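Undergrad: The following block contains the structure, expressed as structure tokens.
The values are calculated or read from the model by the stated rules, or taken from the named source; none is laboratory data. Just so we're clear, the structure is a prediction, and the values are computed from it rather than from any experiment. Cβ coordinates were reconstructed from backbone atoms using ideal geometry, including for glycine residues, and neighbour counts include every protein chain displayed. Each accessible area value is taken on the protein alone, full model and side chains, heavy atoms only, with ligands, DNA and RNA left out. Shrake-Rupley method; radii C 1.70, N 1.55, O 1.52, S 1.80 Å.
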Amino acid sequence: AGLAFLVGLSSEILGVHTGFPFSAYWYTDALQPQLFDVPILIPLAWAMMAYPAWRIGELLGNRPVTRAFFAAAALTAWDVALDPQMVGQGFWIWPNPGQYAGIPLINFVGWFAVGAVLFGWWALGARAPGRPSRWRLTDLLGPLLYAWTWIGETVAHALFFAGWTVAIASFIAM
């Protein structure tokens, strides 16, 4: 969680101040407190979803490289749901709205790249959650949290936030 927090915070600080790797954007004052113009809640969200995404990667990939790939893809898929909701709530702004619900597509490439760095680091053994030799209920917590988020984001977009287009895209992506 600590490594995911630091990678998320570093990438967001870099992103806010340079536009790399997500494209140009900034956070409004709606989320406080902030550190270097990044709300502390943001790297906490990276840390929160890193473990469930990693466990999804373990379910889909047998080798460290494929685990990291699928975990980065799972984390990026979550952003397909997250960004339209947060932009709609006025938490961050894209000065050059993009092709997907106002989000530039390069943002998702950036998410995948940052996820690949994080999960590649984990896959190489830098404090990675241990791969279970057999799946127990506690090992299923990550996939269950991911599934909860998947269904929750889909329903929330369909009923309250960005609408059916984003709900369907989120469902398919996740």
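Undergrad: Apply the Karplus curve 6.51 cos²θ - 1.76 cosθ + 1.60, θ = phi - 60°, to the phi angles in segment 148-155 and return the couplings in whole Hz, x for Gly and Pro.
TA: Values per residue, Gly and Pro as x: 4, 5, 4, 5, x, 5, 4, 5 Hz.
Undergrad: Okay, next question. How much of the accessible area of the chain, probe 1.4 Å, is carbon plus sulfur, in whole percent?
TA: C and S atoms contribute 70 percent here.
Undergrad: Then there's this: Please list, in chain and number order, the residues 5+ apart from Y100 or on another chain whose amide H is under 5 Å from its amide H, with Hs placed from the backbone.
TA: It is L105, by chain and number.
Undergrad: For the chain, what is the Kirkwood hydrodynamic radius in Å, using each pair of distinct C-alpha atoms?
TA: Here the Kirkwood hydrodynamic radius works out to 16.3 Å.
Undergrad: What does the charge count around Y27 come to, taking other residues whose C-beta lies under 10 Å from its C-beta (Lys +1, Arg +1, Asp -1, Glu -1)?
TA: It works out to a net charge of -3.
Undergrad: Then there is this: Using Cα pairs under 8 angstrom and six or more residues apart, how large is the relative contact order of the chain, in percent?
TA: 26
Undergrad: Around A101, with a cut-off of 14 angstrom between Cβ atoms, what is the net charge of the other residues, counting Lys and Arg +1 and Asp and Glu -1?
TA: Net of charged neighbours comes to -3.
Undergrad: A further question follows. Starting with the highest mean, order 62-75, 34-47 by the number of other Cβ atoms within 10 Å, averaged over the residues of each peptide.
TA: Ranked by mean Cβ neighbours within 10 Å, highest first: 62-75, 34-47.
Undergrad: Per residue, what accessible area does the chain have, given a 1.4 Å probe and all protein chains present, in Å²?
TA: I get 51 Å² per residue for this part.
Undergrad: Okay, moving on. For every other residue with a beta carbon closer than 13 angstrom to the beta carbon of L145, add +1 if it is Lys or Arg and -1 if Asp or Glu, then tell me the sum.
TA: Computed value for this residue: -1.
Undergrad: When you count, for each residue, the other Cβ atoms within 10 Å and take the mean per peptide, how do 3-16, 149-162 rank with the highest first?
TA: Highest to lowest by the protection proxy: 3-16, 149-162.
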